[in-house]
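Please read the structure below before turning to the comments.
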Amino acid sequence: MDEAVGRTLAEKILGDKSGGEARAGDIVIARVDLAFVQDTTGPLTVRQFQAAGFQGISDSLCAAVFLDHAAPSPSQELSNDHMLLRDFACDTGCRIYDVGDGVCHQIVAESLARPGELVVGSDSHTVTAGGLGAFACGMGSTDVAVVLCLGRTWFRVPESIRVLVTGQLAGAVSGKDLILHLIGQVGADGATYQALEFGGSAVDQMSVAQRLTVANMAIEAGAKAGLFPSDETTREYLREQGREDDYKPLTPDADAVYERTVEIDASRLEPTVSCPHAVDNTAPVSELKGTKIQQVYIGTCTNGRLEDMAAAARILKGRQRHPQTRLVVSPASRKVLLEAMTAGYIGIMLHAGAVILPPGCGACLGMHQGVLGDGESCLTTANRNFQGRMGNPKAFVYLGSPATAAASAVTGEISDPREFW
Ligand code: SF4
């Protein structure tokens, strides 16, 4: 390719980390900045690390273990997995975030990932850190074991799809509605092994919290990464986390080459919901009004941030959950929980009839803390609604924004949050 042609965000980051040009389609060996595992996939990583005879973790990267998916542990077997991970962290000196600290992707955003970095984790939603301008992706447990030892891994540099978001998100329409709309438009395999690179006037105005939500779900369109530029909004977010020094600006070149461009006018978006049992089975809320919901779940790495708690509290303030609808809330991290308590959001939700779970994955993956009954429906702010996702293949899972979730908790059926905003 002509060297004069500009580079996408993916090409810039992978080029920087591999010391070369890193054009789409190239195979590169890249230096990893941050590698992490969580408690469902991490035990296999540890066993593979040990079976390979690796002596320790590479000095060149930050390594972390998170106990978040089954936290606190609901079973003997999972408790033993937690012990294995704690021992591994103790033996190798890697960081550990224990039960109650929060979901890995939220803590990575709050405390670890930096713009321009390369992040890998043994969890598909590692893509979340793309909201900060990091090239972040999930990998298999064994691949992460190798990264932990070598501090490097190989990539085929992905082609990029430019997602140009014009207009402005407003009111009760949020980043969650944007990404659900996009996945409904391109399909669950619409960006397979490509980078979704977001830009445009609406992106310029989006908070980092919303960018993280959008990047989090890039994998639901099959994308290798979901990437946002790093700008003054990013700097402000990092400043709020006490790490402004981690900021670095990052934008794609104006003449970067994209596989294609998808345009979305954010001003025309409606609150959107994914219906059972596929993320790309989307519909505007207006088409689903009246669908009965037995449980609402607000939280997860997709929508468990302070801004999400604020949106839910805004609707729930002075209202009660519907008597036939349970309301379960799990802030994504200890930090979010503390800030939501200080802001009064937790009190509002408790008064509305919510159950507050400890920070972590909670009911998201159906292990505990909110498993659905046969034939029940849940509207969750999570990122997946595959059959059985919330622990029961005879249940039905809908995905929506925190505002849509809160409005639906009040009425007991899928409802338009704009009527409560
Ligand atoms: Fe996975 Fe849900 Fe945990 Fe996110 S909150 S890491 S999607 S289980």
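Worth a mention:
- 3J(HN,Hα) couplings calculated from phi for the stretch 43-59 with the Karplus curve 6.51 cos²θ - 1.76 cosθ + 1.60 (θ = phi - 60°) are, in sequence order, x, 5, 4, 5, 5, 5, 4, 6, 5, 6, x, 5, 8, x, 8, 4, 5 Hz; Gly and Pro show x.
- The relative contact order of the chain comes to 17 percent, based on Cα pairs under 8 Å that sit 6 or more residues apart.
- Values of log10 I(q)/I(0) for the stretch 218-271 across q = 0.16, 0.20, 0.27, 0.31 Å⁻¹ run -0.79, -1.02, -1.05, -1.12, by the Debye formula with one identical scatterer at each alpha carbon and no solvent.
- Order of TYR193, TYR398 under a 10 Å beta carbon neighbour criterion, fewest first: TYR193, TYR398
- Of the residues TRP154, TRP421, the one with the fewest other Cβ atoms within 10 Å heads the list, and the complete ranking is TRP154, TRP421.
- Ordering ARG305, ARG152, ARG114, ARG260 from the fewest to the most neighbouring beta carbons within 10 Å gives ARG260, ARG152, ARG114, ARG305.
- Taking the Kirkwood radius as Rh and the Cα radius of gyration as Rg, the stretch 132-176 has a ratio of Rg/Rh equal to 1.18.
- Kirkwood hydrodynamic radius of the chain, Cα pairs, Å: 21.3
- Note on the stretch 324-375: Cα convex hull, mean projected area over all directions, 3.9 nm².
- Coordinate range along principal axes, alpha carbons of the stretch 197-287, Å, largest first: 45, 32, 26
- Derived scalar couplings ³J(HN,Hα) [the stretch 271-286; Karplus, 6.51 cos²θ - 1.76 cosθ + 1.60; whole Hz; x for Gly, Pro]: x, 10, 9, 8, 9, x, 10, 9, 5, 7, 8, 9, 7, x, 3, 4
- Taking one quarter of the surface of the convex hull spanned by the alpha-carbon atoms of the stretch 224-351 gives a direction-averaged projected area of 11.3 nm².
- Kirkwood Rh and Cα Rg combined as Rg over Rh, evaluated for the stretch 358-400: 0.92
- Couplings for the stretch 150-162, taken from phi via the Karplus curve 6.51 cos²θ - 1.76 cosθ + 1.60 with θ = phi - 60°, read 8, x, 9, 7, 9, 9, 8, 4, x, 5, 10, 9, 7 Hz in order; Gly and Pro are left as x.
- Nearest-20 debye value, the stretch 77-180 charge dipole, Cβ charges on Lys, Arg, Asp, Glu: 500
- Principal semi-axes in Å for the stretch 9-103 [√(5λ), Cα gyration tensor, largest first]: 31, 15, 12
- Semi-axis lengths, Å, the stretch 29-73, gyration tensor of Cα atoms, sqrt of 5 times eigenvalues: 21, 15, 8
- Gaussian network model of the chain, Cα within-10 Å springs - most flexible of PHE198, PHE386, PHE135: PHE386
- Amide H contacts for VAL163 (H built 1.01 Å from N in the peptide plane; partners 5 or more residues away or on another chain; cut-off under 5 Å): GLU197, PHE198, GLY199, VAL262.
- Between the amide H of ARG152 and those of VAL32, distances stay under 5 Å, these residues lying 5 or more places away or on another chain, with hydrogens modeled in the peptide plane.
- Close amide H contacts of ALA136 (hydrogens built in the peptide plane, cut-off under 5 Å, sequence separation of 5 or more or a different chain): VAL119, GLY130, GLY226.
No lab work stands behind these numbers, since they all come straight from the coordinates. The shown structure was predicted, so the numbers you read here are calculated from the model rather than taken from an experiment. Neighbour counts are summed over all protein chains in view; Cβ atoms, including those assigned to glycine, are modelled from backbone coordinates with ideal geometry.
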